[in-house]
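The values are calculated or read from the model by the stated rules, or taken from the named source; none is laboratory data. Everything numeric in this text was worked out from a predicted model, so none of it was measured. Note that each Cβ is placed from the backbone with ideal geometry, even for glycine, and that neighbours are counted across all protein chains shown. For accessibility, only protein heavy atoms count, side chains too; no ligands or nucleic acids. Shrake-Rupley method; radii C 1.70, N 1.55, O 1.52, S 1.80 Å.
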Amino acid sequence: MCGIVGYIGGRSAVPILMSGLKRLEYRGYDSAGVSVLKNGDIEQLKAKGKLSILSSILKDKPLRSRIGIGHTRWATHGAPSDENSHPHMDCKKEISLVHNGIIENYLTLRQELEEKGHKFLSETDTEVLVHLIEEYYEGNLEQAVSKALKRLEGSYAIGVICKKEPGKIVAARQDSPLVIGLGKNENFIASDIPAFLPFTRKVKHINDGEIVILKRNSVRIFDLDLNPVEREVTTVHWDASMAEKGGYKHFMLKEIFEQPRVVTDMLSGRLKEYSVEIEEMKLTDDDLRKINKVIIIACGTAFHASMVGKYFIEDFARIPVEIDVASEFRYRNPVVDENSLVVAVSQSGETADTLVSFKNAIAMGAKSIAVTNMVGSSITRETENMIFTRAGLEIGVAATKTFIAQLVAIFLLSLKLGVARGTIDKEKFREYHEALLRIPDQLSDVLKKAEQIRNIARKYYKCDDFLFLGRSLSYPIALEGALKLKEISYIHAEGYAAGEMKHGPIALIDNLVPTVVVLPRDSVYEKTLSNVKEVRARSGITIGITNKTDDPLDEYLDETIFVPDTSHQLSPILTTIPLQLLAYYIADKRNRDVDQPRNLAKSVTVE
Ligand code: M6R
């Protein structure tokens, strides 16, 4: 789970590589490095720590060249250190390589190569690959790369340069993302499009098992046996400003404030009088009628959206829904057949566990839909049916706007299933339609509470433990609130189904532990309120998020954050926002690295 970049063209390579790495830092940021071809030699600089450390080293020792590769790392094999940073070189210092992924059989290969006399300088799995390429090199880099890759088990996206062939970069992918940017007399490789967005919007997506040869004036794609492959050029419609903070202190805050726009975009052109049109989804109403079970798989925040989705689909379409975290689903023996619909939810479309689980379910005959934010990502290659979440680029490692977009996506899917199966009538559909259209303005109203939430954060930011409670649709929102707080503030936070309190967690309550309760006006409001009273009776601090204004809540809540009224199924979209802001302001008050929290990465492309 790292970021790789490469550049070949007429400009100075290193500033372009560094700007690309900056935009890929969300993929990992514990060390970084670049290598270039200069005066017939490979020169490289790499350093443990954030990219800024490498930047300052480069100021003192500039590397000038028009071809190079770079890497930002999230350690898997070998701790973050200068030695374990990429790029890695072969024994003769003729070949340099960057890699994102995991080489599973690296120990066997390392032993074999060491027996042949290769000397290793790092503890990484990656280093075996550059030695393997060296072993096979007979004057043609792509042939050596092809032979070496056939020996690998695992995942990779790689960029390779060789001092004997200074006019080319060879790249390849298997189960790790890789895209090519096409410029005028210059070309780029990267793990993700934003890396080269300031220079080009023309893109070629690379598939698993493909090798690419980039020269200044050409990009040629091949299969692993080096047979040529054709690939169309796509133009992305993002612009570079999407990767800027636009005056906000952090990307996360900017992305929280983008949510009204995201919901508007999600709905645009999709809601008709009594139908939901999802252009990128090919399943027909007839297909949807045949489904007798839905399985939703995802990880992290996307899993919380999937939990909410279970309520939506069961409620609107009356189909049983199974949800599972992808890292569990892939290792069980699920009951899946051609009448099952598997829905994978993944912002990045690259999460390794989600991808493998999705492929497995499809192989068992299931119909499939990918809910993703990334057009052209790996997951979109597995199915003809997508729901794009249209949230725009999300840079903050903590998912915010893409979570809200996922909730809307699954809501739309549920309505679509309900209409196709006749389980939702025109009147109900109209009610939801109207309620959905009000959501962007209501989100703007919630965002006006930012200052109130900031003040609450100032009061409680020193607390070391938080509980988050909710029932029914608010239960996954409580889990999401706890996840947001722990990942960016490093505070211990637990999310619970409110009814579970008395089965254990209530023992944690004392006057130092705030309990954040998601308490919308719905059929379980009274029940959840009873749980709030139980917390209060044990001197706990209570922070409530509610749209119930006609109760004297001050009696039970130390802090109350009001959100507007909506249909109870849509309340998770509104109640999530105060939780995101609370986590943000607490983390900021604690001076945490909000956009790049320790130990995390934006897309988890390793198991
Ligand atoms: O790209 P994905 O949606 O598949 O990512 C899944 C999780 O890794 C992600 O939601 C993670 O939990 C976020 N850091 C949450 O903020």
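Points to keep in mind about this one:
- Listed residue (361, 157, 95) projecting farthest to the positive dipole end of the chain, Cβ model: 95
- At R0 = 35 Å, FRET efficiency that the Cβ-Cβ distance of residue 111 and residue 248 yields, to 0.05: 0.10
- The label point for residue 225 and the one for residue 331, both projected 7 Å from the Cα toward the Cβ, are 3.7 nm apart.
- Mean accessible surface per residue for the chain, computed with a 1.4 Å probe while every protein chain stays in place, in Å²: 37 Å²
- Percent accessible area from carbon and sulfur atoms, the chain, protein chains only, probe 1.4 Å: 48 percent
- The mean sequence distance of close C-alpha pairs (under 8 Å, at least 6 residues apart), as a share of the length of the chain, puts its relative contact order at 12 percent.
- 24 Å Cα-Cα threshold exceeded, pairs from 50/462; 449/484; 293/416; 310/416: 50/462
- Relative contact order, whole percent, for region 68-184 stands at 27, derived from Cα pairs under 8 Å and 6 or more residues apart.
- Between residue 232 and residue 445, the C-beta separation translates, for a Förster distance of 56 Å, into a calculated FRET efficiency of about 0.80.
- Here the Karplus relation 6.51 cos²θ - 1.76 cosθ + 1.60, evaluated at θ = phi - 60°, turns the backbone of region 215-232 into coupling constants of 10, 4, 10, 8, 10, 10, 10, 9, 7, 5, 8, 6, 7, x, 10, 8, 9, 6 Hz, with x for every Gly and Pro.
- Structure-based [θ]222 nm, the chain - -39500 (n - 2.57) summed over DSSP H runs of at least 4, per residue, nearest 500: -11000 deg cm²/dmol
- Shape analysis of region 450-589 yields a ratio of the Cα radius of gyration to the Kirkwood radius, Rg/Rh, of 0.92.
- Packing order of peptides 482-489, 543-550, highest average first: 482-489, 543-550 (average count of other Cβ atoms within 10 Å over each peptide's residues).
- Label-point separation in nm, residue 207 to residue 138, each point 7 Å along Cα→Cβ: 2.9 nm
- Per-pair calculated FRET efficiency, R0 = 41 Å: residue 277 and residue 53 via Cβ, rounded to 0.05: 0.25
- The phi torsions of region 271-284, fed into the Karplus equation with coefficients 6.51, -1.76 and 1.60 and a -60° offset, translate into couplings of 9, 10, 4, 9, 7, 10, 9, 10, 3, 8, 10, 8, 4, 8 Hz, rounded to whole numbers, with Gly and Pro shown as x.
- The chain: angle of helix 352-363 to the longest principal axis, Cα-based, in degrees nearest 10: 80 degrees
- Stretch gain in nm, segment residue 510-residue 123, where the contour uses 0.36 nm per residue and the Cα spacing is subtracted: 134.7 nm
- Label-to-label distance for residue 438 and residue 523 is 2.1 nm, based on points extended 7 Å past Cα in the beta-carbon direction.
- Built amide H within the under 5 Å cut-off of residue 154, gap 5+: 104
- Vicinal HN-Hα couplings computed from phi for region 307-315 (Karplus, 6.51 cos²θ - 1.76 cosθ + 1.60; Hz; Gly/Pro x): 4, 5, x, 4, 4, 4, 5, 5, 6
- Of the whole protein surface, residue 386 contributes about 20 Å² of accessible area at a 1.4 Å probe radius.
- Our Cα-only numbers for the chain put the radius of gyration and Dmax at 25.3, 80 Å.
- Solvent accessible area, Å² - residue 121, 1.4 Å probe, full protein context: 120 Å²
- Fraction in percent of alpha-carbon pairs per bin - 5 Å, region 193-306: 2, 7, 9, 12, 15, 16, 14, 14, 8, 3, 0
- With coordinates expressed along the principal axes, the C-alpha atoms belonging to region 3-243 extend over 50, 43, 33 Å, beginning with the largest.
- D (Stokes-Einstein, µm²/s), Kirkwood Cα radius, region 251-447, 0.890 mPa s at 25 °C: 147 µm²/s
- Along each principal axis, Cα extent of region 327-367, largest first, Å: 27, 19, 12
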